[in-house]
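Everything on this sheet refers to the single structure shown next.
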Amino acid sequence: MKKFKWLFIIIILLLVSGCWQYRELNDLAIVSAIGVDKIDTEYLVTVQVINTRKQSHTIQAGEETTVTIYEAKGKSIQEALNMISLECPKELYLGHIDIVVIGEETARTGIKDYIDFFLRDREVRKIYPFVFAKGAMATDVLKILPPIIILPGTNLANMIETADEINGVISNRRFDNVLDCMYKRGRHAGVTAIEIVNQSEKGDSLDNLSESKPKTKLMITGPAVMRDDKLVGFLNNREGFGYNIIRKQVKRAVITFPCDKDNNYGSVTIDSPKVKLDTKIKNNKPFTSIKIDIASSLTSYNCKLDLSKDKNITKVENMIVKETESIIKDVIYAAQKIHKTDVLGFGEKIYQNYYKDWEKIEKNWDEIFPTVKYEIKVNARINSIGSVINPAPKGGEKNDY
Amino acid sequence: MITKNKKINAFQFAILGLMLGNALIIGFGGTIIISLAKQDAWLIPLIAPIFALIPIVLLIYIINYEPDKNIFAKIQSLFGKYIGSLINIILTGFIAFVLIFSLWSAVFFSVAQYLSKVPYLFLATCFILTAIYGVTKGIETIARTNEIFFFINIILIGIIVIFLYPYIKLEHIQPILPRGIMPIIGHSVISLSYIFPPILTLSIIPKNNIIDQKKYHWYLILGVLISIVFLFIPFFYVISIVTINLAELFRYPGYHLLYKIDIAGIFTGLENFLSLHWLFSTFSALLMCSYFVCKYTHQTFKIKQRKYIIITNIIIGLLAVIVSDFLFPNSIAGIEFMQYIFPYYIFPIPLIIFIIMAILIFLKKRKNPETNIN
């Protein structure tokens, strides 16, 4: 019996300690970004594979790039990835995807058909940024070599993450967020969008990086607006900011407001404004109220005003209120009248708080949404006015207050 | 004579109840409950304890009867030799099914999330042989193993609760009870069919084998109720963080939830490590169900020699592996069976047996007040 016991232990040790699924890192092609475009009935899948031979984090002219792009077409994403394996010497590993990019035309035809792959695949973590390429194909976006962070996929993901932290125009819409919004009742999804600035042939070569001002760049823009699973349009940056305020996705942002009639402006930074969105049925019609509470710090003020007086601070606060209201009105106008799609979640609030009312209007919500009346109440406070009290005088000017 | 490794204390008994209560829910039971109760799934662990008290009291009532006997002997004494044997076969068959399902559930989860290329049969054999080893060592070893699992689980669940807390959005749990209270009460009753089957294996432990006999029933009630309330955490976190839309989409929504854990930007990708607590709970069920089935076999076939006991245990384990592979060829078959057949046609069988037993004990007690009931 003892012999059997030892034999059993040895067999188990041999089988288990070796890790059955062990794969050498050298045998894997680590994919940092995937792009999907639909051409006719086939998918063009572009993968950005990290060049593991490239050790240095700096690139010089004539050197090899940090990533290699592979492209293939297939009737499904999996088939296209299989086709890539015909030209890639290593097995594609999708566990470290930094970003997934979908071309604009492809997104307009609907994404339900091909997101299934990203959902179903066991290795793919579902929390990467999911972006639409505005006015471009995903393959073009992934070919651009960026400055500063040399891995393009990581660069894109970092751009979105940084902008999400400090710029209210952008919010990091991850794959799981987008999916959730797609299936939500009473709300459609907003998706992070990216565009190519000055698209040129140089963009995908190292020459693009040899200039202090790269000719071709990638830039994040206002979010894309979806209806069900289809892209219907894009919000501009101002509307994107309003969208993020309403959706409580602003972590830090700057509000710039006119402070006189001579095109002079002041700016404040705001941190996570408090927003209360509610939609209820009043007189058989939905009515939305948006309450926004902004705590801000004055960062620049280029108009003449004695900021040492409290009543003038109140004046500036009113300017912030007016500007914020205008931003919110712009995004509601864009959602209701231009795109006619409830990305703001007015309907979601009825669903969450007044379920019986929602059941009555759910079927017609897309037609009702553009007609929803609303009120905006903004309360702004300036908590800090920075290191100086009054605005810096212009050259040759004396302050007359 | 009761040997030392047959005795467990009340705390260990409660831990067994606690771990077993979670075993089937975590994994497939949770997915089924979410698909039934949808948005309100998080309310089920709050309502289910009310209904759970009935089977717990039933179980305690039966354990208290003839404290020196295990469930098989009690059934024989209550129903007579022939009917008793038949009932014992039915009850053991039920627990054998729970064993097979627990094994399949644990292996399927491991294959789906950790080791996608490892053959089912190999993994299942590894699991079952470990469980059989525990069974061979006796109930005290099983109880101690569960104690260790429990404390590890507390740490893992603690990490999950703390680091996922900032992601909770209460608006995701709204609307609350959109279809009224009745459906959720119905689903809470159904959920008992996933909570209780492994707990029924505790009836194999004679009361005399529990050290603190006077307070063990309070420990058990507390253990099972805590286990049900424990389920509140995954359900509430899944609904309020992952949201019901995605929870319905994923096979293991709780696993998807763990992707979000990021400890100070240093420790990320902890989902495989943190999800181990599911396996520990399922392994508890594997241990107790194997113990139940093995004990029945030894008792029925009067196997007393140690080497024959070990061989029988291994054969039972390997049979469970083969049958589980044959019974549920894919995850859909398993979920469909557990959702549409198990709660309505399979789970009531042991429940009816226990109710009849309780009635017979009650009648016996009335007829002869000196019957050995503590």
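Read the figures in this text as sums done on the coordinates, not as results from a lab. None of these values were measured; they are calculated from a predicted model. Here Cβ is always computed from backbone atoms with ideal geometry, including for glycine, and neighbour counts include all displayed protein chains.
Structure data summary
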{"item": "Taking A:ASP278, B:ASP68 and counting other C-beta atoms within 10 Å, the order from fewest to most", "result": "B:ASP68, A:ASP278"}
{"item": "Relative contact order of chain B, defined on C-alpha pairs under 8 angstrom at six or more residues apart (%)", "result": "39"}
{"item": "Cross-link pairs A:LYS143/A:LYS215; B:LYS304/B:LYS365; A:LYS322/A:LYS373; A:LYS282/A:LYS356; A:LYS230/A:LYS337 - those with Cα-Cα distance over 24 Å", "result": "B:LYS304/B:LYS365"}
{"item": "Distance from the stretch B:235-306 to the stretch A:119-152 (C-alpha centre basis), Å", "result": "34"}
{"item": "Set of lysines near B:LYS302 by C-alpha distance (under 16 Å), chain-local residues within fewer than 8 positions excluded", "result": "B:LYS69, B:LYS81"}
{"item": "Candidate lysines for bridging to A:LYS2, where Cα separation is under 17 Å - those fewer than 8 sequence places away on the same chain excluded", "result": "B:LYS137, B:LYS307"}
{"item": "Restricting the stretch A:210-270 to chymotrypsin sites (Phe, Trp or Tyr not before Pro) in coil, as DSSP defines it, with at most 16 other Cβ within 10 Å", "result": "none"}
{"item": "Using a Förster distance of 51 Å, the FRET efficiency for B:ILE349-A:LEU25 (Cβ separation, nearest 0.05)", "result": "0.45"}
{"item": "Across A:LYS73/B:LYS169; B:LYS6/B:LYS38; A:LYS38/A:LYS90; A:LYS3/B:LYS6, pairs whose alpha-carbon gap is larger than 32 Å", "result": "A:LYS73/B:LYS169; B:LYS6/B:LYS38"}
{"item": "Protection proxy ranking of B:281-291, A:163-173 - average other beta-carbon atoms within 10 Å, highest first", "result": "B:281-291, A:163-173"}
{"item": "Full-stretch length increase - B:LEU115, B:GLU171 - with 0.36 nm per residue and alpha-carbon distance subtracted", "result": "16.6 nm"}
{"item": "Order of A:LYS38, A:LYS322 - criterion: other Cβ atoms within 10 Å of each residue's Cβ, fewest first", "result": "A:LYS322, A:LYS38"}
{"item": "Euclidean distance between Cα centres, the stretch A:253-314 to the stretch B:195-234, Å", "result": "58"}
{"item": "Ranked A:GLU123, A:GLU71, criterion: other C-beta atoms within 10 Å, fewest first", "result": "A:GLU123, A:GLU71"}
{"item": "CD proxy at 222 nm, helix term only [per DSSP H run n ≥ 4: -39500 (n - 2.57); per residue of the protein assembly as shown; nearest 500]", "result": "-15500 deg cm²/dmol"}
{"item": "Fraction of antiparallel bridges per DSSP, the protein assembly as shown only, in percent to nearest 5", "result": "65"}
{"item": "Chain A - percent relative contact order, Cα under 8 Å, separation 6 or more", "result": "13"}
{"item": "Computed magnitude of the charge dipole of the stretch B:4-367 (debye, nearest 20; Cβ of K, R +1, Cβ of D, E -1)", "result": "1600"}
{"item": "Two-site FRET efficiency, B:ILE315 against B:ILE155, from Cβ-Cβ distance with R₀ of 41 Å, rounded to 0.05", "result": "0.65"}
